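Below is one structure; the comments refer to it alone.
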Amino acid sequence: MKAVRMYLLLHIVLTVFVPVNTFDPLKATVGIFKNVWQRVFDSKESCDSKWISFNATGLQADLETKLFGQHIASRVILKAVTGFMSNDYPQKPLVLSLHGPCGTGKNFVSQLIAENIYKEGMDSDFVHVFNSLFHFPHKGQIETYKSQFQQWIKGNVSNCARSMFIFDQMEKMPPDLTDSIKPYLDYHNKLGGVSYRKTLFIFISNNGGDFITQKALDFWKEGRGREEIKLRDLEPSLSDSALNNGFWHSTLIDRNMIDAFIPFLPLEKEHVVHCVMAEMKARGMWPDQKVADKVAEDLIYIPKSERVFSKMGCMTVGGKLYFQKEEL
Ligand SMILES: *[C@@H]1O[C@H](CO)[C@@H](O)[C@H](O)[C@H]1NC(C)=O
């Protein structure tokens, strides 16, 4: 209605004040409609609630039904992200450090978070993924990377405060580069005129993976349930290993900069079976339990004698599934 009124008003203004010979009503009308159309149906992603709005129940449902075997991670992540996203004036950016063996869902969880915040999910212009090996391959060019990298973070956050940065393979990131991220993670009102308080940083690494696996194995050997493993059994060692001899090499990092160190547990066969079933559904195949069991059975399990945890988690099930299908 507003648009129609605007149009009428504009029409009157134009017909009254613009000399008849310079005013082309057809052209003007087309122009106005084009403008209205763009405003109403604009499909270009923008930094506003039309494109960015957090769906807490969506995230909860996704964590419960799509992530397998991670009772600690799903609880901590839901709590941290929900708290952060429902606060319009957070004091600092949300910084999550995800740790664990490969194939346990660290990247996948980042995707679930993105999908429940950004309408475009991982394809959003406001979600940025950095892979240390891919983006910063040459050790000799650290200085160039550093300034470029800081420029990227600053530029993107100035564009949209609710940006999300995912750093994959954090343990392979050159220490100088890691250091250059630190200022953004802290409690600052503004840094160089830009506020980073609404930004989400996710750091992913295998750092601490061996420790987590050992702990899970200890529980298993003692006959205790996996779900009995608590965050406090793992978190202190994780933060120590990440801060002291992990990727945050220098002591400059303050423990408080990182909101949560989140452990991902090694996966057992039953979890792998769930992964395969989910993968089959995602590919539009009929989820066949027998195939899933077979794929899971064919993976490598550690330790050799007990075969408790899948060595690669759910990482290779996609390829294995394809192979299975050919065989059947
Ligand atoms: C935002 O980050 C991307 C890398 O993900 C970079 O290519 C781009 O130039 C950055 N944008 C700005 C405005 O700095």
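The values are calculated or read from the model by the stated rules, or taken from the named source; none is laboratory data. These figures come from a predicted structure and were not determined experimentally. All Cβ positions, glycine included, derive from the backbone under ideal geometry; neighbour counts span all protein chains shown. For the accessible areas, the whole protein counts, side chains as well, though only heavy atoms, and no ligand, DNA or RNA atoms are used. Shrake-Rupley method; radii C 1.70, N 1.55, O 1.52, S 1.80 Å.
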Inset, instruction - Would you mind working out the accessible area per residue for the chain, using a 1.4 Å probe, and quoting it in Å²? - result: 55 Å²
Inset, instruction - Just report the Cα centroid separation between region 263-328 and region 55-100, whole Å. - result: 25 Å
Legend entry - Helix-only mean residue ellipticity at 222 nm for the chain, each DSSP H run of n ≥ 4 adding -39500 (n - 2.57), per residue, nearest 500: -15500 deg cm²/dmol
Legend entry - DSSP H segments from the chain that extend 30 Å or more along their own axis, Cα-based, with Kyte-Doolittle mean of -0.5 or above: none
Inset, instruction - Could you work out the longest stretch of the chain that avoids the trypsin sites (Lys or Arg not before Pro) located in DSSP loops with at most 16 other Cβ atoms within 10 Å? - result: 120-189
Inset, instruction - May I ask for the Rg/Rh ratio of region 27-169, computed from Cα atoms with Rh as the Kirkwood radius, given to two decimals? - result: 1.06
Inset, instruction - Pop out the carbon and sulfur fraction of the accessible area of region 56-263 as a percent, whole number, probe 1.4 Å. - result: 48 percent
Inset, instruction - Using the Karplus curve 6.51 cos²θ - 1.76 cosθ + 1.60 with θ = phi - 60°, work out ³J(HN,Hα) for each residue of region 256-265 in order, rounded to whole Hz, and write x for Gly and Pro. - result: 6, 5, 9, 6, 7, 9, 10, x, 10, 7
Inset, instruction - For the chain, go through all pairs of different Cα atoms, get the mean of 1/r, take its inverse, and jot down that Kirkwood value in Å. - result: 22.7 Å
Legend entry - Under 29 Å from residue 182, Cα to Cα: lysines that are on another chain or at least 8 residues apart: 79, 92, 106, 119, 139, 146, 154, 172, 190, 198, 230
Legend entry - Mean Cα-pair separation over length for the chain, i.e. relative contact order, pairs under 8 Å, 6 or more apart, %: 21 percent
